[in-house]
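The values are calculated or read from the model by the stated rules, or taken from the named source; none is laboratory data. All figures in this text were calculated on a predicted structure; none of them were measured in a lab. In this analysis, Cβ positions are derived from the backbone assuming ideal geometry, glycine residues included, and neighbour counts consider all displayed protein chains. We work out accessible area using only protein heavy atoms, side chains counted, and drop any ligands, DNA or RNA first. Shrake-Rupley method; radii C 1.70, N 1.55, O 1.52, S 1.80 Å.
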Amino acid sequence: MAKTGTTSQGLREAIERSGYYPALVAEAVEAAVGREPVVSFLVHQETTFDSNEVRRHATVLVLTGTRFIVSHTDEQSADSTAPAPYATTSTESVKLSRISSVVISRVVADPQSYSPGTLPREVVLTIGWGAVSRIDMEPASCGDPNCEADHGYTGSTTADDLSLRISEAGDGPETVRQTLEFAQALSEATAAAGR
């Protein structure tokens, strides 16, 4: 379930509607936002099944005039260090000028019949700002199957700080639309910050 909007009050209401520890999530997000006006936001709750346990995770994305704020909240089961279940929440505040990429991957059913404005069946929003990078390396080759020379290594670096998958089947068409709106607002804001 995701909610999007453009005001601080709307942000709090979306967090409360998600029903996932709303007081904890709202306090963490509001502390990170501070007094800055909210330009856009997206609240996404994900439920996963891990063995015999159901785990919930909430991600809140907030765009202000100068920053991108991401908050994660997770449930944890009781374990040897904690006798009762608990939750962890974290926030990160990133200057818009640090965001290096905003990627939207769209999955469209029946592409030969696609008409503009049709919502994708699924979207993946990936945002990179350099906090987490993945390096994929492999031995380089020259193309000669008989060559035994050492050609070193080749590889690629991928910024992979945040990735959210939203599907029409799991989250509903409105959530897909909201994700596209947030991604567009963030993309426009980062372009403006880079000028």
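Can you work out the FRET efficiency for the pair ALA23 and TYR114, with r the C-beta to C-beta distance and R0 = 41 Å, to the nearest 0.05?
0.45
Let a ≥ b ≥ c be the square roots of the eigenvalues of the Cα gyration tensor of the chain; is it rounded (a/c under 1.5), or, if not, prolate (a/b larger than b/c) or oblate?
Note, shape of the chain comes out prolate.
For a quick check of your reading of the filter: which trypsin sites (Lys or Arg not before Pro) in segment 1-104 sit in a DSSP loop and have no more than 15 other Cβ atoms within 10 Å?
Hits after loop and neighbour filter: ARG35.
For the chain, with every protein chain kept in place, what is the accessible area per residue (1.4 Å probe, Å²)?
In whole numbers, the chain has 58 Å² accessible per residue.
For the chain, with all protein chains present and a 1.4 Å probe, just round the carbon and sulfur fraction of the accessible area to a whole percent.
Answer for the chain: carbon and sulfur cover 49 percent of the accessible area.
Of the options THR59, GLN9, HIS151, report the single residue whose Cα projects farthest towards the positive end of the charge dipole of segment 1-153 (beta-carbon charges: Lys, Arg +1; Asp, Glu -1).
Going by the Cα projections, it comes out as GLN9.
At 7 Å along the Cα-to-beta-carbon direction for both ALA84 and ALA31, put a label point, then send me their distance in nm to one decimal.
My value for the distance between the label points is 1.9 nm.
Using a simple charge model, +1 on the beta-carbon of Lys and Arg, -1 on the beta-carbon of Asp and Glu, nothing else, what dipole does the chain show about its Cα centre, in debye to the nearest 20?
It comes to approximately 840 debye.
What angle, in degrees between 0 and 90 and rounded to the nearest 10, separates the Cα long axis of helix 173-193 from the longest principal axis of the Cα atoms of the chain?
Here the helix axis deviates by roughly 70 degrees.
In nanometres, what is the gap between the two model label sites at SER77 and VAL54, each 7 Å from Cα along Cα-to-Cβ?
Label-label distance for SER77 and VAL54, simple model: 1.4 nm.
Angle check, please: helix 22-33 long axis (alpha carbons) against the longest principal axis of the chain (alpha carbons), in degrees 0 to 90, nearest 10.
70
In the Gaussian network model of the chain, springs joining C-alpha atoms below 10 Å, which of PRO116, PRO145, PRO173 carries the largest mean-square fluctuation?
Most flexible of the set in this elastic network: PRO145.
Express in % the proportion of alpha carbon pairs of segment 6-107 at distances exceeding 16 Å.
Here the tail beyond 16 Å accounts for 61 percent of pairs.
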